[in-house]
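Novice: Can you read through this structure? Questions will come right after.
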Amino acid sequence: MTQQDDAPVREFADRGTIWLLGSPANLRDLVAMAAKDIADSLEFSRAERVNRSFVPANLHKQEADLLYRVPFRAGRAEVWVYVLVEHQSQPDRLMSLRLLSYMVQVWDLQREAWDRDHMPAVQRRPAPIVPIVFYTGTRRWRRVSDLASIIEAPRPLQRFVPRFDTLFVNLAGLGTEELKGSALGSVLRALQVAHASAEELQEALVTAMHELGKLPAEDRAEWRRAAHYLLLLVRHLRKPSERECLYQALSDGAAPEQREEFDEMAMTDAQVLLAQGRREGIHEGIQEGCRRLLSRLLERRFGPLTTHQRRAVEALTEAEAETMSDRLLDARSPADLGL
């Protein structure tokens with residue numbers, strides 16, 4: 001993974017989802033959940049993400065959005081796909097007004113490019129915009145109200161109200177069939193039960209990793225992104241005392257040929273938790289959980305530990321456990337680690 005991909009995700013509910021949708025393949029699957037005909041008409045393999053946010057600076061911590069330029073499969077035209085991820089506690093009745101504001105700014109971006117490239121006026125044709133609201137909250141929200149339903153206008157004036165459709169994906173409303181058959185769907189099923197009991201989430205994590213294992217070899221990058229997202233989900237949304245069993249569920253669900261790579265990713269996560277515990281002064285529970293995770297990964301690498309070796313791991317200080325984590329991937333035997 002890139003350094004950017006390895007960075008912890010803040011404000012996981014929305015920022016983590018935007019990071020997940022940084023993959024054009026995942027964007028395609030999200031569009032297909034709302035409008036399969038649109039997804040089938042676009043060439044997502046040539047999608048280009050526009051690294052610019054249209055959210056005002058004072059709202060950066062409240063919103064998460066992303067913008068793609070995606071060519072049509074036929075012809076030379078393209079479409080803008082604008083995704084706004086919402087995790088607020090209450091649906092926004094004025095969402096369509098916000099979307100219209102962002103859409104106008106997208107067209108302004110296109111107009112600026114025309115001016116910069118000195119494009120002849122006759123060739124200036126604004127591209128259509130497909131706005132998508134992806135709602136990951138828990139309150140009931142069935143659809144985005146159009147402007148006509150929120151603007152008070154008598155019938156003779158209704159023709160002056162802008163009209164556009166909005167694709168709406170409600171995480172809580174996605175069913176088994178809609179989530180089946182894609183990396184994104186497997187991950188979103190786990191996100192649906194992220195705050196349920198540990199047992200229910202364990203089952204979803206095992207299933208997600210099992211389904212991810214069916215991805216073709218050429219989709220390896222999608223597997224890594226999805227697996228890393230699930231690790232981040234556990235780290236950001238579950239209590240420290242639950243994480244070890246949830247990491248175990250992820251590892252158990254991974255295909256045998258992918259398990260070593262996943263455990264390396266989990267080891268990186270264990271290092272992050274150790275550092276986090278040291279910075280924040282979190283109680284011994286986090287460090288103890290990381291030592292147990294270290295023991296499990298040692299056994300995955302070298303086989304069952306002896307009683308002496310297990311006790312030695314349990315007695316490690318934070319610094320010693322972190323050092324051993326750093327050396328684990330290069331060690332050829334427990335002896336190389338001083339065990």
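Novice: Quick check on my filter: what residues within segment 137-169 are among the polar types (S, T, N, Q), at pLDDT 90 or above and under 33 Å from the mean Cα position of the chain (by Cα)?
Specialist: Ser145, Ser149, Thr166
Novice: Inside segment 180-190, can you point out the residues that are at negative phi and free of Cβ contacts under 8 Å to residues at least 60 places away in the same chain?
Specialist: Lys180, Ser186, Leu188, Arg189, Ala190
Novice: Quick check on my filter: what residues within segment 209-231 are closer than 15 Å to Leu184 by Cβ and either of a type in the set (A, V, I, L, M, F, W, C) or assigned by TED's automatic domain parsing to the domain that holds Thr136 (or both)?
Specialist: Met209, Leu212, Leu215, Ala221, Trp223, Ala226, Ala227, Leu230
Novice: Out of segment 80-99, which residues are basic (Lys, Arg) and assigned to a loop (DSSP other than H, G, I, E, B)? Before you say what the answer is, go through the steps one by one.
Specialist: Initially, segment 80-99 is screened for residues basic (Lys, Arg), giving 93, 98.
Matches in segment 80-99: Arg93 only.
Novice: For Val106, all conditions in the list (1) touching a residue at least 60 places away in the same chain (Cβ under 8 Å); (2) part of a helix (DSSP H, G or I) hold save one; what is the number of the exception?
Specialist: Just one mismatch for Val106, condition (1).
Novice: Now a separate question. Given the options Asp108, Asp115, Asp92, name the one that is in the same structural domain as Leu167 (by TED's automatic domain parsing), modelled with pLDDT under 90 and among the acidic types (Asp, Glu).
Specialist: Numbers: Asp108 fails: modelled with pLDDT under 90; Asp115 fails: modelled with pLDDT under 90.
One residue alone meets the criteria, Asp92.
Novice: Also: With respect to Ser45, is the statement that it is modelled with pLDDT of 90 or more and of a type in the set (Ser, Thr, Tyr) true?
Specialist: Judged against the criteria, Ser45 is a match.
The values are calculated or read from the model by the stated rules, or taken from the named source; none is laboratory data. Please read these numbers as outputs of a predicted model, since none were measured by experiment. Glycine also receives a Cβ, built like all others from the backbone with ideal geometry; neighbour counts cover every protein chain displayed.
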